[in-house]
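Undergrad: Take this structure first; my questions come after.
What follows is calculated from the coordinates using simple rules that are stated; it is not laboratory data. Given the structure is predicted, the values throughout are model-derived calculations rather than measurements. Methodologically, a virtual Cβ is constructed for each residue, glycine included, from the backbone with ideal geometry; neighbour enumeration extends over all protein chains shown.
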Amino acid sequence: MDDRLNHEQKMFSKTNWEFTKKIVEGNFESQVSPILTLDVSKKCNFRCNHCVDQETVNKDNLEIDWGILKQLLVDLKMQGCSCVELTGGGEPTTYTHFKDLIKLLSLLQYRIALISNGSNLHKYCDDIINAPFDWIRISLDSSNAHTHSVVHGCGLNVFKSITDSVKKIAKYKTVGISFLILPNNYKEIYNCAKYVKELNVKYIEVKPELNFKDKEITQIDDKIKEEIKKTN
């Protein structure tokens, strides 16, 4: 279990701790982390006002060259890397070679995780189900299509597409939902938790917005606390 993509085990698993200890001791020679966090794309099809990557998303050099990435993944595997977490930067499923990437990671026997806005899941449901994904986490941040559209700057039809795909994938893979607490969605925490439970997701992750300008976390008032309490 040490090498599985479990955030609770990631830092203090035996393999990661041994790797970290060597780095602290100054032993950098031929040291490769067992887990690679990979930002394959700076493209995103959402326009979230709270995006922490606003300054770089959809700008120049939008994605990793496929030829370079293929060789990198082969080399890292040979040096001991065993897990890849696909995240962003941007939305990883917008990567031009996303389907090929899943196939290559499967062929190289990597364990895989995905953090996504979920908008393109309908294109890759079967590929994800048939690949060695340990978990998928979807940033939903809402309990209905209207709020989802407002929060993410996307069409009203996207919410149903995401939840339909989540329900399909959750039959075979561990799927979790992320809910970022914002001024325009905090009243929906409980309803979101109740809704996604019916989709067979394993958990909902609720977290406050982080203001990166002054490093202060958005204050959680009594109403928000009550919403969270109802999910327990």
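Undergrad: Between LEU108 and MET78, what is 0.36 nm times their sequence separation minus the Cα-Cα distance? Round to one decimal in nm.
TA: So the chain would gain 9.8 nm between LEU108 and MET78.
Undergrad: In terms of modelled amide H atoms, which long-range or inter-chain residues lie less than 5 Å from the amide H of TYR203?
TA: ILE177
Undergrad: Taking Cα pairs under 8 Å and at least six residues apart, what relative contact order does region 98-232 come out at, in percent?
TA: 21 percent
Undergrad: For region 153-165, what does the Karplus curve 6.51 cos²θ - 1.76 cosθ + 1.60, with θ = phi - 60°, yield as ³J(HN,Hα) per residue in whole Hz, taken in order and with x for Gly and Pro?
TA: Result, rounded to whole Hz: x, 9, x, 5, 7, 5, 4, 5, 4, 5, 5, 5, 5.
Undergrad: Additional query: Subtracting the Cα-Cα distance from 0.36 nm times the residue separation, let me have the gained length for TYR203 to ASP222 in nm, one decimal. Provide the component values of the computation, followed by the final result.
TA: Details: separation 19, 0.36 × 19 = 6.84 nm, distance 2.29 nm.
Here the answer is 4.6 nm.
Undergrad: For a quick check: with amide H placed at 1.01 Å from N, whose amide H comes under 5 Å from ARG137's, ignoring anything fewer than 5 positions away on the same chain?
TA: LEU114, ILE115, SER116, GLY176
Undergrad: If you don't mind, there's one more thing I want to ask. Which order, highest average first, do 198-209, 105-116 follow once you tally other Cβ atoms within 10 Å for each residue and take the mean per peptide?
TA: Descending packing order for the listed peptides: 105-116, 198-209.
Undergrad: Same structure, new question: Please list, in order along region 105-112, the HN-Hα scalar couplings obtained from phi with the Karplus expression 6.51 cos²θ - 1.76 cosθ + 1.60 (θ = phi - 60°), rounded to whole Hz, x for Gly and Pro.
TA: Values, residue by residue: 4, 5, 4, 7, 6, 6, 8, 10 Hz.
Undergrad: ILE181's amide H: which non-local residues (gap 5+, or another chain) put their own amide H closer than 5 Å, with H modeled 1.01 Å from N in plane and none for Pro or chain starts?
TA: LYS207, GLU209
Undergrad: How would you classify region 112-167 from its alpha-carbon gyration tensor, with a ≥ b ≥ c the square roots of the eigenvalues: rounded for a/c under 1.5, else prolate if a/b is greater than b/c, otherwise oblate?
TA: Since a/c reaches 1.5 and a/b is larger than b/c, the shape of region 112-167 is classed as prolate.
Undergrad: Right, something else. For a test of the definition: using alpha carbon positions, the gyration tensor, and the 1.5 limit on a/c, classify region 38-231 as rounded, prolate or oblate.
TA: Note, shape of region 38-231 comes out prolate.
Undergrad: Using θ = phi - 60° and the Karplus form 6.51 cos²θ - 1.76 cosθ + 1.60, what ³J(HN,Hα) does each residue of region 62-67 get, whole Hz, x for Gly and Pro?
TA: Those phi angles translate into 6, 8, 6, 4, 5, x Hz.
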